[in-house]
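Below you'll find the structure, written out as structure tokens, and then a few comments.
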Amino acid sequence: MKKRYALYAAAAVIALSLSSVPDLVFADAGHSKASKTGSPGKASDVSRTINVTMSDNFYEPESIAVKEGETVRFVVKNAGEFVHEFNIATAEMHKAHAPEMMMMVEHGVLEADRINREAAKKMQASMGHGLHDAPNSVLLEPGKTGEVIWTFPKKTELEFACNVPGHYESGMVGKIKLSH
Amino acid sequence: MLRLSLLNAGVVGLSLLVLSSGAAGAAEYSLSVDRVKIDTGDFTRTGIGYNGNTPGPVLRFKEGEDVTINVTNNLDESTSIHWHGLILPYQQDGVPGISYDGIDPGETFTYRFPIVQSGTYWFHSHTGFQEPDGAYGSIIIEPKKREPFRYDREYVVQLTDAHPHSGSRIMRNLKRSADYYNRKQETILDFIAEAKEKGLGATIDDRMMWGDMRMMPRDIEDVQGFTPLINGKSSSQNWTGIFKPGERVRLRFINSSAMTYFDIRIPGLKMTVVQADGNNVQPITVDEFRIGVAETYDVIVKADEDKAYAVFAESMGRTASVRATLAPTEGMVAEEPDLREVPRLTMADMGMDHGNMAGMDHGKMSGMDHGNMAGADQSKMAGMDHSNMAGADQSKMAGMDHSNMAGADQSKMAGMDHSNMAGADQSKMAGMDHSKMAGMDHSNMAGEAKKDDAFYASGSGLVPSAADGGKFLSYSDLKAQKPLYEDREATREIELRLTGNMERYIWSINGVKYEDADPIVLQYGERVRFKFVNETMMTHPMHLHGMWSILDNGNGKWDPIKHTVSVAPGTTVYTETEVDAPGQWAFHCHLSYHAGGGMFRKVIVEGGPKSTSAKPSSVEG
Amino acid sequence: MKNQISRFLILCSVGAMVPSTVIAAEEQLIWGVQVEQFENRFTGDAQSDVMAWDGDALIGTDELKFVVRSEGEFQTRSERLETMETQLRLQKPISTFFDAVAGVRFDTPDGRDRVHGVVGLHGLAPQWFEVDADLFVSDRPSARFEVEYEALITNYLILTPSIELDVPLRDNLDAEVKAWGPKMEVGARLSYDLVDRSVAPYVGVHYERVFGDTLDLRQEEGEEGDGLFFVAGLRLMF
């Protein structure tokens, strides 16, 4: 009897400590699956679709309003001439994601107007990570369209932003307004 | 005579009174050219200003409109106004002797031209030395289309190097004694300090090497003794820009100095460069950048903290600085950092003419006492036999075991590493006679791991580094956001050797002063590749009027588009120009006393719009 | 050369009055006055104290300069002009660091004017030595060689050692010199740039000495063959 309670207690402690560990521990900062920022949504739960157009270097619309807990499908089109990202995360996560994107530029993966898949493979081989799909973001070449389905959390200050070096600082970021 | 005080803190600049925004796409402005009193806090003097002030007003134009500018000359001498960086008909360019005869005293001249671009530019007198005397202002052109960056407020940050002496007096003094204004020369006390550090032999060798050439390694700023100003204010007068924490602020930096390059940083804030010389660049975030004379850089900063930030400009020669403040409320003064150490030119900066290395007596190198080269690990330099350096033939350098030179970054050995020369045609260097290369400056090889920049000679003493660590902007980082022209092969190349006689303070191009030179004739529709070879030890900001200079910085179709291109000592820089502006244009070094000393040319563009040419892609914002 | 002289003359007459209206399209007019020495020379004996000066005024262009050079010594006690020389020189660059000089020199010793032609070199030798080498052509010819060096103790405190050697090529009894008996002047002046490079007070030493037959001549006349002076004066440039 005592042993089982100890086991439950241990499990609870572990669960509690794991849930309070910052998102950074799980995968890459910008690609977190933790519940703080929401979670990847299921297509069947989608309540509405929002079209997002990416240009050089800004989004249309400039801000997005969603309900807490809502699952939204974002259809993202890159109408610009440069590669852009649509990434849902907190401001801190975007900041942490920037050096990773910079590394992709330095390794020749992320060129101004295209994604170099060859270089991405090399980077994956030598560094263990390169291009990878993340549920909370899409990285699109000019003219391409992508999709993000996301279930929003409660009460978190979220932004959608592009972390291609220099784009966030140029203002390619928008607020996600969460309402009850 | 008008006696007017300078701008108040917090005001960007006197906004120009728009006389009439008449029919859609037209606006009229008026400027008067006046004698004004200048008070920098360090000195007072009489200078020249626009509408009673220096700096002059911020002119705001709209892309697509036709502007009319009436300029009234209230001076007792001729004047002119040149719109720096603007594409317009040559008769409106404002250069006496090339565009028109200038504006006589009492006369009002009316400029009329369409605005075909957007961004940050400036204007200044092109007569005598009126610009150093205060005749400059700024231009903001609002784009038709949305810009690829967002900001909540903006400020013009215009720099100058105000001097107590008038421009013509400075020119006269420089002509009689080239080092008249250089108070950072190496002294006997420096010699003693250096001898203690590097050894007597090495220090003597070093001094003799420079003395042989009659040149000074501390000759970076020809004119010292100036008080740098930001928007007309010195550090003590503290120009202040207000912001709300969390806002994105656009700072339009313009270097309107006569002679001074500034290194700009805002301690605590990163800057994202979004525009260079009025043209959008792919955004690049840096901690510090160097702005050459006549250049402009637009940056976005996001100041999140409720405190005062220092906008700090330090002269390249580290002789003077100015601090402006970005603050959430009036009355705050940001801390001003100290000046850094005065840099020293190296042998790499000595104008090495790759076709002709005459004058460098390599025979003197045998006398160098290698035993005394402090900082370099002597024991490993045994194999260095300089007598075998004939030709650039690497196989002959076998005796020189570079891999063993502890503490010295061999890629930086003065004058030896040419692989870093931006755009340099390596195949032409075969004929280099190394047997004539004198004085390799070994004293600078000890432990100096300065980051290489392709736009400085390898081993240069001028390579900048960010004071607080981080990234320093390089020309190589500039990439056009939207190229203005198709990327195509140049139709011909024109070599312009930047030359001069420092001792006599004579400056020239290809050894010929402006008054003795033939104009450069270009054909409308061609694409000219200019090869600037800097054979002097000074940095020259070369400015071509009326047409864009596409800087070849290795970015192919993303090569940035500029109006002013800085050429560092001992380097070769390439630019390309689509010749699409008929008429005649000025082309010169924008250092006022170099242009005045002869480093100037008239460019004549023959032919007109009927000729076949590469069609420029539509100019968008 | 002809083109340059005519351009130079036109410019001198016009340029000084009309400010340059075009940036760089016209030749820059260079002008100024420089007084390298303006000093009192003291010895132990007030009788021999002397006020001396050495300066020049120049006007010209990069290609051709016209220089008026004046030097002299004035006996303060007896209020007598001991020596005075006025040179009118034309200087033309012949190399990166040297000018060729041609002109005339007028002397005023003891009431008898003396005119010489001047041919020489003026410039900056390697290691920063300022050099003047002149040949004075007349019936009392001489050669003169001057070297000066500016040693910066700091950027404002400057020590200027100098040496001047005057070699008479023929006897000149008015000037109390004999052929091949040179006169040497050695000086060391410590100056401080008080106002830019415009006003720099200095102190120093000045030593004069004659050699050879000139020495004999002087001694026969009961004069000293050499003299050491302490100097204090002003360097001016404007």
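If amide H atoms are built 1.01 Å from N in the plane of the peptide, which residues on other chains or at least 5 residues away come under 5 Å of the amide H of B:LEU473?
Answer set, sorted by chain and number: B:ASP287, B:GLU288, B:PHE289, B:ARG290.
Counting only C-alpha contacts under 8 Å and six or more residues apart, can you give the relative contact order of the stretch B:36-190 as a whole percent? Can you show the working numbers first?
Details: 271 pairs, mean separation 39.9, N = 155.
Once divided by the residue count of the stretch B:36-190, the mean separation gives 26 percent.
Skipping prolines and chain starts, which residues have an amide H placed within reach, meaning under 5 Å, of the one on B:GLY546, given they are 5 or more residues away or on another chain?
B:GLY85
What is the average number of partner chain Cβ atoms found within 10 Å of a Cβ in A:161-170?
That works out to 6 on average.
Using helices alone, I'd like the mean residue ellipticity at 222 nm for chain C: each DSSP H run of four-plus residues gives -39500 (n - 2.57), total over residue count, nearest 500.
Taking each H run of at least 4 residues, the total per residue is -3000 deg cm²/dmol.
Listing B:MET208, A:MET93 from the residue with the fewest other Cβ atoms within 10 Å to the one with the most, what is the order?
Lowest to highest Cβ neighbour count: B:MET208, A:MET93.
Please compute the contact order of the stretch B:446-594 in relative form: average sequence separation of alpha-carbon pairs under 8 Å and at least six residues apart, divided by the residue count, as a percent.
Over the stretch B:446-594, the number comes to 26 percent.
Counting only residues 5 or more places away or on other chains, whose amide H sits under 5 Å from the amide H of C:VAL177 once H atoms are built in the peptide plane?
Placed amide hydrogens put C:ASN172 under 5 Å from C:VAL177.
Which order results if A:LYS77, B:LYS198 are arranged by neighbouring Cβ count within 10 Å, fewest first?
In increasing order of surrounding Cβ atoms, one gets A:LYS77, B:LYS198.
Around B:LEU591, what is the net charge, scoring Lys/Arg as +1 and Asp/Glu as -1 over all other residues with Cβ under 12 Å from its Cβ?
-4
Short version: ³J(HN,Hα) in whole Hz for each residue of the stretch B:152-169, in order, from phi by Karplus 6.51 cos²θ - 1.76 cosθ + 1.60 (θ = phi - 60°), x for Gly and Pro, what are they?
For the stretch B:152-169, the Karplus-derived couplings read 9, 7, 9, 9, 7, 10, 9, 9, 8, 10, 5, 10, x, 8, 6, x, 5, 5 Hz, x marking Gly and Pro.
In what order do B:ILE98, B:ILE242 fall by count of nearby beta-carbon atoms within 10 Å, going from fewest to most? Walk me through the numbers on the way to the answer.
Numbers: B:ILE98 26, B:ILE242 17.
Fewest-to-most ranking of B:ILE98, B:ILE242: B:ILE242, B:ILE98.
Express the relative contact order of chain C as a whole percentage, based on alpha carbon pairs under 8 Å and six or more residues apart in sequence.
Computed over chain C, the figure is 13 percent.
Apply the Karplus parameterisation 6.51 cos²θ - 1.76 cosθ + 1.60, with θ equal to phi minus 60°, to every residue of the stretch B:174-187 and state each ³J(HN,Hα) to the nearest whole Hz, in sequence, with x for glycine and proline.
Per residue, the Karplus-derived 3J(HN,Hα) values read 5, 5, 8, 8, 4, 9, 3, 9, 8, 9, 10, 6, 6, 10 Hz.
Over the Cα atoms of the stretch A:44-101, each weighted equally, I'd like the Debye log10 I(q)/I(0) at q = 0.12, 0.14, 0.23 Å⁻¹, rounded to two decimals.
One equal scatterer on each Cα of the stretch A:44-101 leads to -0.35, -0.48, -1.08.
Using θ = phi - 60° and the Karplus curve 6.51 cos²θ - 1.76 cosθ + 1.60, what whole-Hz ³J(HN,Hα) does each residue of the stretch B:328-336 get, with Gly and Pro shown as x?
Working through the residues one at a time gives x, 9, 5, x, 8, 10, 6, 5, 9 Hz.
A short reminder: the numbers here are calculations on the coordinates, not readings from a lab. Since the model is a prediction, treat every value here as computed from it, not as a measurement. No Cβ is skipped: glycine too gets one built from the backbone with ideal geometry, and neighbour counts run over all protein chains shown.
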